[in-house]
Amino acid sequence: MSNPSLLILPGDGIGPEVMTEVRKVIDWYGTKRDMAFDVSEDLVGGSAYDAHGTPLTDATMAKAQEVDAVLLGAVGGPKYDALDFSVKPERGLLRLRKEMDLFANLRPAQCFDALADFSSLKRDVVAGLDIVIVRELTSGIYFGEPRGIIEDGNERVGINTQRYTESEIDRVARNAFELAMRRNRKLCSMEKANVMESGVLWREVVTEVGKDYPEVELSHMYADAGAMQLCRWPKQFDVIVTDNLFGDLLSDAAAMLTGSLGMLPSASLGAPMANGRPKALYEPVHGSAPDIAGQGKANPIACILSFAMALRYSFDAGDEATRLEQAVEKVLADGLRTADLLGEEGAQPVSTAEMGDAIVAALDASL
Ligand code: NAD
């Protein structure tokens with residue numbers, strides 16, 4: 001049997017720096033766990049524009065469609081701000097998401113014990129937090145028609161349309177139920193069924209899908225109440241499923257419960273391929289951080305945890321994903337901090353490479 005395939009797209013700014021550290025982790029799995037990957041690497045974003053005049057070539061797009069998983073660093077930077085919208089670095093990422101039809105965006109909010117004081121909430125509210133928000137990513141109000149700004153009498157009107165088909169709700173709900181089955185079998189669906197017809201349909205379809213997952217405890221919450229509950233006592237949740245707009249807001253709010261942007265991974269999943277694996281793109285939540293790029297200051301953990309998600313969701317290696325997450329937890333517990341995680345004055349930060357090396361050493365120690 002051939003090795004699982006992985007396309008790596010480091011991108012711009014700190015993207016290549018953090019990806020260098022992920023490569024160390026991938027190599028470790030190849031040599032120490034007999035889990036070799038067929039890794040190919042290509043350009044995306046500004047670096048692809050510099051080389052080819054486009055943020056994503058057709059050849060790279062085709063490769064992304066073939067591999068078992070794509071791992072992306074970050075795209076963008078001030079050098080590209082003046083470019084035409086059609087060739088901006090972000091268009092490369094949007095094209096990947098659209099053509100791979102990645103409709104389910106998984107955003108974990110996991111608070112490592114060593115960083116609990118970093119949250120703006122009290123330690124006991126966030127310490128040990130481990131939840132996942134599943135956001136519908138390819139439909140809803142960001143895509144619905146009609147949209148635009150029109151003239152109406154003597155004033156202008158801004159229009160966007162929230163629109164969900166049953167099948168769009170069904171597929172993201174199934175994704176969330178499957179995820180809940182792998183975790184604590186608890187799913188909370190959030191919408192605004194009290195004031196939106198799309199929310200009424202959302203609730204009906206999720207409830208219907210739930211009949212196929214009787215082991216999962218399903219609850220429903222209005223999204224505004226959900227936002228409050230996330231800040232009040234986030235540990236009451238395990239998996240949350242919600243639409244594109246509410247998911248955008250709720251996942252950002254949940255992310256900040258855990259402290260730093262440099263710690264947050266994500267996965268975007270699509271329909272299963274012929275081999276049963278979902279189409280998948282893994283990436284840190286952060287951008288290309290031009291303010292610290294090239295200085296060895298970037299925190300590689302968000303990207304390394306994105307690879308852990310790939311192990312879990314694309315490569316059926318949940319135990320190895322847990323091993324990697326525990327290695328991250330160990331280096332943090334040992335006191336290692338990149339500059340973005342430094343609280344106390346006078347503490348010395350480690351570099352991007354030192355953090356990567358320490359995580360590999362913790363993996364070694366786990367054997
Ligand atoms: P950003 O996430 O790049 O940076 C925000 C702040 O967080 C900066 O101070 C940065 O130094 C810090 N930061 C981010 N990641 C870090 C890490 N791993 N380690 C340490 N510190 C980290 O967001 P921004 O400044 O708004 O955007 C910069 C560029 O990135 C823009 O061109 C934007 O369009 C792009 N961007 C890309 C993505 C993506 O590729 N998915 C996402 C967001 C922004």
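The values are calculated or read from the model by the stated rules, or taken from the named source; none is laboratory data. Please read these numbers as outputs of a predicted model, since none were measured by experiment. Quick reminder, even Gly has a Cβ in these numbers, built from the backbone with ideal geometry, and neighbours come from all protein chains shown.
Quick notes on this structure:
- Tally of residues being at negative phi, within 15 Å of the ligand (Cβ to nearest atom) and of a type outside the set (D, E, K, R) across region 65-83: 10
- Selection of region 138-154 for residues being outside any strand (DSSP E or B), closer than 30 Å to residue 187 by Cα and out of contact with any helix residue (DSSP H, G or I) (no Cβ under 6 Å at 6 or more places or on another chain) yields 138, 143.
- Residue count for region 63-85, restricted to those that are assigned to a helix (DSSP H, G or I) and within 30 Å of residue 316 (Cβ to Cβ): 4.
- Unmet requirement for residue 9, which otherwise passes all of (1) outside any helix (DSSP H, G or I); (2) surrounded by fewer than 21 Cβ atoms within 10 Å (Cβ to Cβ); (3) among the hydrophobic types (A, V, I, L, M, F, W, C); (4) in contact (Cβ under 8 Å) with a residue 12 or more places away in the chain: (2)
- Only a single criterion out of (1) outside the structural domain of residue 184 (by TED's automatic domain parsing); (2) in contact (Cβ under 8 Å) with a residue 12 or more places away in the chain is not satisfied by residue 276, namely (2).
- Check on residue 60, part of a loop (DSSP other than H, G, I, E, B), more than 7 Å from the ligand (Cβ to nearest atom) and among the polar types (S, T, N, Q): no
- In region 155-210, the residues that are of a type in the set (S, T, N, Q), under 30 Å from residue 312 (Cα atoms) and not in a helix (DSSP H, G or I): 165, 184, 189
- Enumeration of residues in region 259-292 that are surrounded by fewer than 18 Cβ atoms within 10 Å (Cβ to Cβ), on the phi < 0 side of the Ramachandran plot and more than 13 Å from the chain's Cα centre (by Cα): 271, 272, 273, 274, 275, 277, 290, 291
- Pair list, Cβ under 7 Å, 6 or more apart: region 60-82 residue farther than 20 Å from residue 291 by Cα and free of Cβ contacts under 8 Å to residues at least 60 places away in the same chain, other residue assigned to a strand (DSSP E or B) and among the aliphatic types (A, V, I, L, M): 63/7
- Options 257, 249; residue that is closer than 27 Å to residue 130 by Cβ, modelled with pLDDT under 95 and touching a Ser or Thr at 6+ places or on another chain (Cβ under 7 Å): 257
- Which numbered condition residue 171 fails, given (1) of a type in the set (Lys, Arg); (2) under 26 Å from residue 272 (Cβ atoms); (3) free of Cβ contacts under 8 Å to residues at least 12 places away in the same chain: (3)
- Leading residue by the ranking (surrounded by the most Cβ atoms within 10 Å (Cβ to Cβ)) among those in region 84-117 that are within 16 Å of the ligand (Cβ to nearest atom) and charged (D, E, K, R): 107
- Positions within region 21-54 being of a type in the set (S, T, N, Q) and away from the ligand (no atom under 13 Å from the Cβ), in sequence order: 31, 40, 54
- For region 313-329, a residue qualifies if it is touching a Ser or Thr at 6+ places or on another chain (Cβ under 8 Å) and in contact (Cβ under 8 Å) with a residue 40 or more places away in the chain, and the qualifying residues are 323, 326.
- Checked against the criteria, residue 291 does not count as in a helix (DSSP H, G or I) and either at pLDDT below 95 or assigned by TED's automatic domain parsing to the domain that holds residue 44 (or both).
- Any hit, region 281-288, residues being among the hydrophobic types (A, V, I, L, M, F, W, C), within 27 Å of residue 94 (Cα to Cα), within 13 Å of the ligand (Cβ to nearest atom) and touching a Gly at 6+ places or on another chain (Cβ under 8 Å): no
- Matching residues, region 225-258, being among the basic types (Lys, Arg) and surrounded by 19 or more Cβ atoms within 10 Å (Cβ to Cβ): none
- Some residue of region 344-354 being touching a residue at least 24 places away in the same chain (Cβ under 8 Å), assigned to a helix (DSSP H, G or I) and of a type in the set (D, E, K, R): no
- Of all the residues in region 194-220, those that are among the aliphatic types (A, V, I, L, M) and buried (at least 19 other Cβ atoms within 10 Å of the Cβ) number 5.
- Any chance residue 329 is assigned to a helix (DSSP H, G or I) and over 23 Å from residue 287 (Cβ atoms): yes
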